[in-house]
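Chemist: A single structure is presented below for examination.
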Amino acid sequence: MKIAIHGLGYVGLITGLCFAENEDNTIIGCEVDSQKVEMLKQGKPYIYEKGIQDLLNDALKRGNFIPTTDFSKTSEATIDLIAVGTPSNPDGSANLKYVEEVAINIGKNIENYKVIATKSTIPAGTHLTIERLIKKEIEKRNKNIEFDVASIPEFLKEGTAVQDFSKPDRIVIGTNSFKAKMLLEKLFKPYVLNGHPIIHMNPLESEMVKYASNGMLALKIAFTEELAQLADQLSSHLGVEVDVLNVLKGMCTDSRIGNQFFKPGPGYGGSCFPKDTQALADTAKTIGLDTQIIANINPTNENHKDFLIDKIFSHYGNITGKTFGIWGLAFKAETDDVRDSASLKLVKRLTEAGAKVQCFDPKATEEFQKHFPESESIKYFKDKYSTLKNTDALIVMTEWKTFRTPDLELLIENMDEKTIFDFRNLYAQGLDKQMKDSGFEYYGVGRK
Ligand code: NAD
């Protein structure tokens, strides 16, 4: 099948390369950024994702993955997938500028029947806008070409994106057209041979699914964050040790609740949860619905980021002149994505208050430097232990494997003061006790 993919970011590139694994597919990867296209042609993926280099090498060798800035090439495709970004507008609504640009491009280049399916996360009803824009462009050319618009929300997770694509929990296809449904089923069926379902619905419902999923996951985290704060404050008020991880263990063994996504951390970030939860709240607001839960998920998460940073401030009273070693800049492990990462807020607040930070991340330093270039107060290191040279404390922000079992002797050798803020509860399985026995002051999340 000939498939055009519009936008070769995280989603578009992974999707394109995974579809190209099937030699019967030809993928036309349309990207506005010519630098990205050149890099791909040279076999250089510009994002960090497990398995992506091999996929790109193989696809280029086979010749069935064609990165291009020439949108006219999409006219040959039977299915066009839209995978451009839908960032937040300043008011929290989804910015559909890129999606609309793609719709216009498709309308200008379409020659024969095709299905246009959105992988981008878009508010309920956007398929109608896409349909209208394509139709308008076709009419401008005095042509009458049939097409269908569908929605196939993307559920891949950065860090395990290739695996998620190849073995999804489910595929949701939203379309009112039988012809589109058949074509899309043919394309996606090989990925659910494990018995996982393809779920059919109308496009408006399917556009809602992605927001509902991300809103629910964000809610689980935000709920856990508040439990952690409650445990922390109860400890202080009652003078009794309270460990939120024990509370969660007790809660999560209830099979109705389950045990995934109940991990207190530094506050969620990434390119999806904050913006999608915000857009969900905005959709409700636009139609005059006053949501109490949805509207407060992101503010709860932001409040939690501040709650933890305040812990650092209250430990010292005054942090001016202090130096902090930060392990982890990415919003989660196994990605170089720093969008809305809790480390952004941490670095901003610490340096604005007159502290210095020394940062290390196995993959995300370059991306982070785009937000905070190296300066007198912000330094970047290539090794986790040298990052800690002459620091007053270590702050753990990302759960990279390399941070999980640090050598305490090396921490002691490098750090000036023995304080650890473990904002991932990475050392909760006993290393925290060893740290305390070695003279460290240790702070976890919701654990005293
Ligand atoms: P991204 O910002 O990494 O990539 C978007 C790409 O589209 C960029 O390379 C950009 O240059 C390109 N682009 C912009 N306008 C274009 C145009 N008119 N034609 C062709 N290319 C154009 O975004 P992403 O993280 O891949 O996310 C894409 C969409 O998928 C978003 O709606 C996002 O919410 C959703 N999504 C993302 C993830 C994720 O983990 N990143 C997961 C599921 C869904």
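Every number in this text was worked out from the coordinates using simple rules, so none of it is lab data. Being a predicted model, the structure only gives us computed values, none of them experimental. Counting neighbours? That spans all protein chains shown, and the Cβs are built from the backbone with ideal geometry, glycine included.
Chemist: Of all chymotrypsin sites (Phe, Trp or Tyr not before Pro) in segment 224-306, which ones are in loop regions per DSSP and have a Cβ with at most 15 other Cβ atoms within 10 Å?
Modeler: Those satisfying the criteria are Phe261.
Chemist: For helix 126-140, report the angle its Cα long axis makes with the longest principal axis of the Cα atoms of the chain; keep it between 0 and 90° and round to the nearest 10°.
Modeler: Compared with the principal axis, the helix lies near 40 degrees.
Chemist: Please turn the phi angles of segment 174-191 into ³J(HN,Hα) values with the Karplus equation 6.51 cos²θ - 1.76 cosθ + 1.60 (θ = phi - 60°), one per residue in order, whole Hz, x for glycine and proline.
Modeler: x, 7, 9, 9, 5, 4, 5, 4, 5, 5, 5, 4, 4, 5, 8, 3, x, 8
Chemist: Among DSSP beta bridges whose residues both lie in the chain, state the antiparallel percentage, nearest 5.
Modeler: Details: 3 of 47 bridges.
Rounded to the nearest five, the antiparallel share is 5 percent.
Chemist: Could you state the principal axis extents of the C-alpha atoms in segment 353-448, from the largest down, to the nearest angstrom?
Modeler: 37, 25, 24
Chemist: Moving to a separate point now. With N denoting the number of residues in segment 2-201, provide Rg(C-alpha) divided by 2.2 N^0.38 Å, to two decimal places. Could you put the intermediate results ahead of the total?
Modeler: Details: Rg = 16.0 Å, N = 200, 2.2 N^0.38 = 16.5 Å.
Normalised Cα radius of gyration, segment 2-201: 0.97.
Chemist: In whole Hz, with x marking every Gly and Pro, tabulate ³J(HN,Hα) for segment 271-280 from phi via Karplus 6.51 cos²θ - 1.76 cosθ + 1.60, θ = phi - 60°.
Modeler: 7, 10, 4, x, 6, 6, 5, 5, 5, 5
Chemist: Let me see the pair-distance distribution of segment 238-358: every alpha carbon pair, 10 Å bin width, integer percents in order.
Modeler: Once binned at 10 Å, the Cα pair distances of segment 238-358 give 11, 30, 34, 20, 4.
Chemist: Among Cys18, Cys272, Cys30, Cys252, which comes first, second and so on when ranked by fewest other beta-carbon atoms within 10 Å?
Modeler: Values: Cys18 22, Cys272 25, Cys30 31, Cys252 15.
Neighbour counts put them in this order, fewest first: Cys252, Cys18, Cys272, Cys30.
Chemist: For helix 10-20, report the angle its Cα long axis makes with the longest principal axis of the Cα atoms of the chain; keep it between 0 and 90° and round to the nearest 10°.
Modeler: Approximately 50 degrees, to the nearest 10.
Chemist: With the Cα gyration tensor of segment 289-331 giving a ≥ b ≥ c as the square roots of its eigenvalues, does the rule (a/c under 1.5 for rounded; else a/b larger than b/c for prolate; else oblate) give rounded, prolate or oblate? Each step should come with its number before you reach the end.
Modeler: Details: a/c = 5.06, a/b = 2.17, b/c = 2.33.
Oblate is the answer for segment 289-331, as a/c is 1.5 or above yet b/c matches or exceeds a/b.
Chemist: Cut-off is 10 Å between beta-carbons; in what order do Arg170, Arg447 appear when sorted fewest neighbours first?
Modeler: Ascending number of Cβ neighbours within 10 Å: Arg170, Arg447.
Chemist: For segment 45-87, what does the alpha-carbon gyration tensor say about shape, rounded, prolate or oblate, given a ≥ b ≥ c as the root eigenvalues, a/c under 1.5 as rounded, and a/b over b/c as prolate? Intermediate values should be presented prior to the final figure.
Modeler: Working: a/c = 2.33, a/b = 1.26, b/c = 1.85.
Here segment 45-87 falls in the oblate category.
Chemist: Explain nothing, just compute: Karplus ³J(HN,Hα) = 6.51 cos²θ - 1.76 cosθ + 1.60, θ = phi - 60°, for every residue of segment 65-82 in order, whole Hz, x for Gly and Pro.
Modeler: Once θ is set to phi - 60°, the couplings for segment 65-82 become 10, 10, x, 7, 9, 8, 5, 5, 5, 6, 4, 7, 7, 8, 10, 10, 9, 9 Hz.
Chemist: Output the antiparallel fraction of DSSP beta bridges having both residues in segment 2-201, as a percent to the nearest 5. Walk me through the numbers before you get to the answer.
Modeler: On the way: 2 of 28 bridges.
Taking every DSSP beta bridge with both residues in segment 2-201, the antiparallel ones total about 5 percent.
Chemist: If you take the square roots of the eigenvalues of the alpha-carbon gyration tensor of segment 233-304 and sort them as a ≥ b ≥ c, do you get rounded (a/c under 1.5), prolate (a/b over b/c) or oblate?
Modeler: Prolate.
Chemist: Amide H to amide H under 5 Å from Ala333: which residues, 5+ apart in sequence or cross-chain, H placed 1.01 Å off N in plane?
Modeler: Distant-sequence amide H within range of Ala333: Glu399.
Chemist: So, one more: Which order results if Trp327, Trp400 are arranged by neighbouring Cβ count within 10 Å, fewest first?
Modeler: Trp400, Trp327
Chemist: Over the alpha-carbon set of the chain, divide Rg by the Kirkwood Rh and report the Rg/Rh ratio to two decimals.
Modeler: 1.01
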